[in-house]
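Written out below as structure tokens is the structure these notes cover.
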Amino acid sequence: MTRKPMIDKDRLAAFADGELSPEEAAAVVMHLADHPEDQAWVDEVMAANMALARAFAAPMAEPVPDRFQALILPDADPAAHVVAFRPRWSMPRIWAGAALALAAALAVMAVLPEPDAGLRVGPVAAGSALETALMAQASGAVQPLGEAGQLTILATLPATGGYCREFELVAPETGDIQLGLACRAGTGWAVDVLLAETAATGGETASGYLPASGNDAGAIDPWLDRRGAGMALSADEEAALIQHGWSS
Amino acid sequence: MTDQGAEIAFRRELVGLVPKLRRFALSLAGHMQDADDLVQAACEKALKNRSQFQPGSRMDSWMYRIVQTLWLDDRRRHKVRGTSIDPEDAHLSDGGKAASLPEDRMMLAKVRVAMGSLPEGQREVLSLVAIEGLSYRETADVLGLPIGTVMSRLSRARDSLLPKLGLAEGHRQ
């Protein structure tokens, strides 16, 4: 048996790097049994490979940093996670138009004789003008709420266990403003609070409204906080909810 | 697949590659901050040139290539001499996560310094083979080199790296 190495360094390295076929590798293993100096070198190459892998392994143990998330998947930003049921880019712009069409249909319905606009604290009666508005009216649009006045939905906000809508009702004769918050409750809506602006008199109104401290939408904040409400949704996000009947 | 669907799939695959790209960039650049700047530039380039990526081909190879090209451009522009890794920084750059024993940490710091002292061409080849686990053929494809060049660079890289690591002693019989 010859003492000269029959296998050169490159082939030994190829063995250490896993480049050889099973047959070739078996031949190298046979060779190494008789050549401890080559075995030592193969061990050293393998140890170096492992050391290199470990020396630069830190990024593999870390989550993808925010800067790359934001760059590569900008639409998966934290603000969007509350409505993660649908990626933002898949919402066609025409849905805003659909929402407008719905609002127009609502306007027709709202002028039908309506005994009760449904405007009181507590569950909103199914089929009432308020329920219809909460279901279908886009934020910013102004619609008559039965005989009660002009209703504007101010915003839709994600909240614990569902969504809330902040609204404002302006009485036709007096111009009095009521500010309210309604939230999803089961398959319907419930009004959490109504704040009435009582300009001169102060005190409670006949229907038990709480007086708001001036014409200040911030007065409703404590009720928003209680619901764990987040930032207002975008028009597209809101339109999608309206489109899907608020079921997420 | 719709074009929009393809773009989403592309972006998801890309974000999944970020840890490996950061590791590769770190092995080339030596500092996490430089590595992240490199990966950021590479991702921006990839997003801009998405049409040049062949769907169904390996995105990791494509991205390694982009990272490597940008790194070389950057090196040429700044023309820093030799290593840019100082032992102190190399010692701390993994926050001690990869190693528990002090001797082990010392050894890994030595590996980083030794890697930083290799010429660019050797460092790229060694990183793709030993760290990223690519075959010689895949490495040759990523770097656009003949496979013989990959093997000779690998050989020279080991000739200069191995004696600096002092790994041999424990294995001598």
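The values are calculated or read from the model by the stated rules, or taken from the named source; none is laboratory data. Because the structure is predicted, anything quoted here is derived from the model rather than measured. Positions of Cβ are generated from backbone atoms using ideal geometry, with glycine treated the same way; all protein chains shown enter the neighbour counts.
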Can you find a residue in the range B:113-120 that is facing another protein chain (nearest Cβ under 10 Å) and either within 16 Å of residue B:72 (Cα to Cα) or in contact with a Cys (Cβ under 6 Å, 6 or more places away or on another chain) (or both)?
yes
Every residue from the range B:35-49 that is surrounded by 14 or more Cβ atoms within 10 Å (Cβ to Cβ) and of a type outside the set (Val, Ile, Thr):
B:35, B:36, B:37, B:38, B:40, B:41, B:42, B:43, B:44, B:45, B:46, B:47
Please find, within the range A:21-41, the residue that is farthest from residue B:111 (Cα to Cα) out of those that are more than 9 Å from chain B (Cβ to nearest Cβ) and buried (at least 17 other Cβ atoms within 10 Å of the Cβ).
A:31
Quick test for you: out of B:145, B:118, B:134, pick the one residue that is outside any helix (DSSP H, G or I), farther than 18 Å from residue A:45 by Cβ and of a type in the set (A, V, I, L, M).
B:145
In this structure, is residue A:44 facing chain B (nearest Cβ under 7 Å) and either acidic (Asp, Glu) or over 25 Å from residue B:132 (Cα atoms) (or both)?
yes
State yes or no: is residue A:125 outside any strand (DSSP E or B) and under 20 Å from the mean Cα position of the chain (by Cα)?
no
Taking into account only those residues within the range A:162-215 that are hydroxyl-bearing (Ser, Thr, Tyr) and over 20 Å from residue A:140 (Cβ atoms), which is modelled with the highest pLDDT?
A:187
Do the conditions hold for residue A:136, that is, is it without any contact (Cβ under 8 Å) to a residue 60 or more places away in the chain and buried (at least 18 other Cβ atoms within 10 Å of the Cβ)?
no
Considering every residue within the range A:1-19, establish whether at least one is part of a loop (DSSP other than H, G, I, E, B), of a type in the set (Lys, Arg) and at pLDDT 50 or above.
yes
Enumerate the strands (runs of 3 or more DSSP E) found wholly within the range A:129-203, keeping only those where 2 or more residues are of a type in the set (Gly, Ala, Ser) and assigned by TED's automatic domain parsing to the domain that holds residue A:235.
A:149-159, A:177-185, A:188-196
Just need a number here: residues in the range B:1-38 that are facing another protein chain (nearest Cβ under 7 Å) and either hydrophobic (A, V, I, L, M, F, W, C) or in contact (Cβ under 8 Å) with a residue 40 or more places away in the chain (or both).
6
